[in-house]
Amino acid sequence: MSVEWGSASRGCSPPSSGPETARAGSIQLRAIGGASPRKILHQQSRVRCLIVVNDRTSRIHIVAEAAAEVFLPGNPRMHEPRNRVVQVSRFGGPEGLEVVDAPMPTAGRGEVRVRVLASSLEYTDVPIRRHLYAQTMGQRPPFVLGYDVVGQIDQLGDGVSGFQLGDQVADMTVLGSNASYRTLRADDLTRVPAGVDAMEAAAIILSWTTAYQLLHRAAKVKRGQHVLVQGAVGAVGQALLVLGKMVGVELWGTARGEHARVVRELGGNPIDYQREDFTRVLPSGFDIVFDGVGQDSYRRSYAALKPGGLLVAYGYSASVQPQRRLPSLLTSLARVYLWRGLLRLLPGGKRTYVYSINLMRARHPTWFKEDLERLFGLLAARTIRPRVAGRISFDEVIEAHRRIEAGGLDGKLVLCPD
Ligand SMILES: NC(=O)c1ccc[n+]([C@@H]2O[C@H](COP(=O)([O-])OP(=O)(O)OC[C@H]3O[C@@H](n4cnc5c(N)ncnc54)[C@H](OP(=O)(O)O)[C@@H]3O)[C@@H](O)[C@H]2O)c1
């Protein structure tokens, strides 16, 4: 008897005795992730047929159909899928990261499992792994990084409807998506339109949804307003320029001098943050300043506003330093926000809005989906195109974190497990 693997279209018919028992001669089908072989065979959309040729009778039997979940000992082509993950093994710099093999997750009730196609590396991963991020302050190493994910569904948990194996979906997860496989709650998923590149889709999830919500949900920008974007060549900054230009606001963006051309290309007036004083660029002051850097506790961003102007604070990367501790960081941020809140009460007072995508999602879950769907639509139509600085493999993740922390990037780094 000889055994071969062959491709076949969906629906190659199983023999009466094979897949039910998941055993044919000495060949054993082993299910992973808790699903029975029968269920896997039933659910698989990427179908491969195991063809057994009886050398004596020359009869050919198709004894099984399955995809990656079938193991054939000794056959190097068939191996158990590995779930590689990027793990924070100890809080601190990139040297505290490890790429390790983790158990294969199983979709629980109301969940799907996805094979991860792309997951961004974010600046926000830096405060998370340095233990300077309020939302993940309860986490203790080891835990898996990965703020967002685009994946292909390869397992459906009980009670999931509206999705099928093979569907491409996205979610913002905060943690856990720098992995080969992960589970997701079906209710949280956003579909990725056909033809959209998974890497570009992943590059959009956190950064562009943040920018969209900063413009339209937080600041409610209007055509003709004068807007300053701090860190304009950063991932969120670039999206703010592109999406701001689309609604007709006039844009200025701070960036290092060598990135002036990028700011112009994206529709902004460049300001060199190392040489120029942005508070003097527009003597009448800006209507809105978007600040994800928080240099000088936002003092100069606030000073650059016109009376009644709005500071939208959404990040504090200037405060993310190795010697910093979370309680002191949170105390100083709270003091800043409180002080700005009081200043608002003065005549002609300037306003402050503190934005968090997770808080907004918790309060308005439908907004997140609507906004991400809208952005995916723009991506599918090629109206927007995120700049991607690099497609990263697991082996390059630690170096990629060093690059993110060093600054000077133009575009996102995206982990693509395959
Ligand atoms: N609130 C939320 O929901 C939310 C959502 C997403 C992100 N964030 C936060 O927002 C911030 C930005 O995120 P990101 O992903 O866009 O980060 P990013 O890609 O690292 O961009 C940050 C940009 O800021 C620039 N920059 C650094 N120091 C500056 C200064 N003194 N003046 C002006 N620009 C300066 C950097 O330029 P160089 O490269 O030249 O150093 C870089 O281009 C991070 O703190 C992130 O954690 C918050």
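Details
- Test: residue in segment 277-285 that is aliphatic (A, V, I, L, M) and either more than 29 Å from Gly224 (Cα to Cα) or within 11 Å of the ligand (Cβ to nearest atom) (or both): no
- Here Thr254 meets the list (1) more than 13 Å from the ligand (Cβ to nearest atom); (2) open to solvent by less than 30 Å² (accessible area, probe 1.4 Å) almost entirely, failing just condition (1).
- Subset tally (residues that are within 15 Å of the ligand (Cβ to nearest atom) and either closer than 22 Å to Gln321 by Cα or open to solvent by 40 Å² or more (accessible area, probe 1.4 Å) (or both)) for segment 390-418: 13
- Any chance Val354 is among the aliphatic types (A, V, I, L, M), modelled with pLDDT of 95 or more and at negative phi: no
- Of all residues making up segment 268-293, the number that are open to solvent by less than 30 Å² (accessible area, probe 1.4 Å), closer than 23 Å to Glu122 by Cβ and not acidic (Asp, Glu): 4
- Residue that is least open to solvent (accessible area, probe 1.4 Å), among those in segment 217-238 that are over 18 Å from Tyr316 (Cα atoms) and in contact (Cβ under 8 Å) with a residue 60 or more places away in the chain: Val227
- Test: residue in segment 335-353 that is within 16 Å of the ligand (Cβ to nearest atom) and under 19 Å from Val174 (Cβ atoms): no
- The sole residue among Leu378, Leu372 that is modelled with pLDDT of 95 or more and open to solvent by 10 Å² or more (accessible area, probe 1.4 Å) is Leu378.
- Test for Ser317: is it within 25 Å of Gly93 (Cβ to Cβ) and without any contact (Cβ under 8 Å) to a residue 60 or more places away in the chain: no
- Within segment 315-334, restricting attention to residues that are part of a loop (DSSP other than H, G, I, E, B) and more than 14 Å from the ligand (Cβ to nearest atom), the residue that is modelled with the lowest pLDDT is Gln323.
- Qualifying residue in segment 189-199 (condition: more than 15 Å from the ligand (Cβ to nearest atom), among the charged types (D, E, K, R), more than 28 Å from Arg340 (Cα to Cα) and open to solvent by 20 Å² or more (accessible area, probe 1.4 Å)): yes
The values are calculated or read from the model by the stated rules, or taken from the named source; none is laboratory data. Quantities reported herein were computed from a predicted structural model and do not represent experimental measurements. With ideal geometry, Cβ positions are generated from the backbone for all residues, glycine too; neighbour counts draw on all protein chains shown. Accessible surface is based on the protein model in full, side chains and every heavy atom, while ligands, DNA and RNA are left aside. Shrake-Rupley method; radii C 1.70, N 1.55, O 1.52, S 1.80 Å.
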